[in-house]
1. Filter region 235-253 for residues that are of a type in the set (Ser, Thr, Tyr) and more than 19 Å from the chain's Cα centre (by Cα); which is least open to solvent (accessible area, probe 1.4 Å)?
2. Please verify whether region 134-142 includes one or more residues that are part of a helix (DSSP H, G or I), on the phi < 0 side of the Ramachandran plot and among the charged types (D, E, K, R).
3. Exactly one condition in (1) closer than 18 Å to Thr121 by Cβ; (2) assigned to a helix (DSSP H, G or I) is not met by Thr34; state its number.
4. Check Ser141, Ser112, Ser147 and return the single one that is open to solvent by 10 Å² or more (accessible area, probe 1.4 Å) and at pLDDT 95 or above.
5. Looking at Met89, Met54 in this structure, which one is open to solvent by less than 20 Å² (accessible area, probe 1.4 Å), modelled with pLDDT of 95 or more, aliphatic (A, V, I, L, M) and under 17 Å from Val191 (Cα atoms)?
6. Hey, Cys164 hits all of (1) open to solvent by 30 Å² or more (accessible area, probe 1.4 Å); (2) modelled with pLDDT under 95; (3) in contact with a Ser or Thr (Cβ under 7 Å, 6 or more places away or on another chain) but one; which does it fall short on?
7. Scan region 190-208 for residues that are surrounded by 23 or more Cβ atoms within 10 Å (Cβ to Cβ), over 11 Å from Lys220 (Cβ atoms) and among the hydrophobic types (A, V, I, L, M, F, W, C) and report the count.
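The values are calculated or read from the model by the stated rules, or taken from the named source; none is laboratory data. What you are looking at is a predicted structure, and each value in this text was computed from that prediction instead of being measured. Cβ placement follows ideal geometry from the backbone for every residue including glycine, while neighbour counts extend to all protein chains displayed. To get the accessible areas, we keep the full protein, side chains included, count just its heavy atoms, and leave off ligands, DNA and RNA. Shrake-Rupley method; radii C 1.70, N 1.55, O 1.52, S 1.80 Å.
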Amino acid sequence: MGCRQHFREVQLVSDDGLQLKGYFLPSERAEGRTAIIAHGYSGKGKDMGAVAKMYYERLGYNVLLPDARGHGQSEGHYIGFGWPERRDMVKWITYILEETGPEARIVLHGVSMGGATVLMTSGEELPVQVKAIVEDCGYSSVKAQLSYQLRRMYRLPGFPFVQCASLVTRIKAGYFFGDASALRQVRKAKVPILFIHGDADRFVPFYMMEELYQACSAPKEKLIVHGAGHGLAYDTDKTGYIARVSGFVQRYVH
């Protein structure tokens, strides 16, 4: 992104005391509109340049790129797969409200683990300023995703490996995998959600999108990108992706 020099480093403290870092890019054209963009597993906020560029250059939004806990410059010794991160996302939303005022209009956009994060956030009590959510190839739940990966990579059944891993996570991170369900959260969602998935995704299986879409109680749309592997929907069809995301957010962010 050509505007890299204008990113301002920002930070906040999570509910459990971690220093979380983010990168904020204000736009002259924003009029209170901000996109908060969530990156994937083992990534960092600055990896989301292509999506940031779409919101900043095409749509005239402010952009906030947080580093998830345990990633980039943010503190944390474990990765929460979106579950503790949903609370961090609520904190970033509050941060933006303080930054841009009560007239703020916020879109959450996440890819992969970031997609699961914004879906898990969708079931929380969100301020009215959160107008739309875009999720790209997020998984239905941590348990389902890990079970799928164990079968795919090691030909192992989910039980008892997932249960063991879940117990370790409970001890270290304070939640069981069974708690970490985007599927359960979208049933409570009120904010409109656009679901995006490549039909050639072998990492987060394509069928998860349909499960999530069916479970979602909020206004919803879906974009299926033919031939796109995991996290590659944007690269596979930039024009289509930009058109659908732009149309969707413009419908709900006035």
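1. Thr236
2. no
3. (2)
4. Checking each option against the conditions leaves just Ser112.
5. Met89
6. (3)
7. 3
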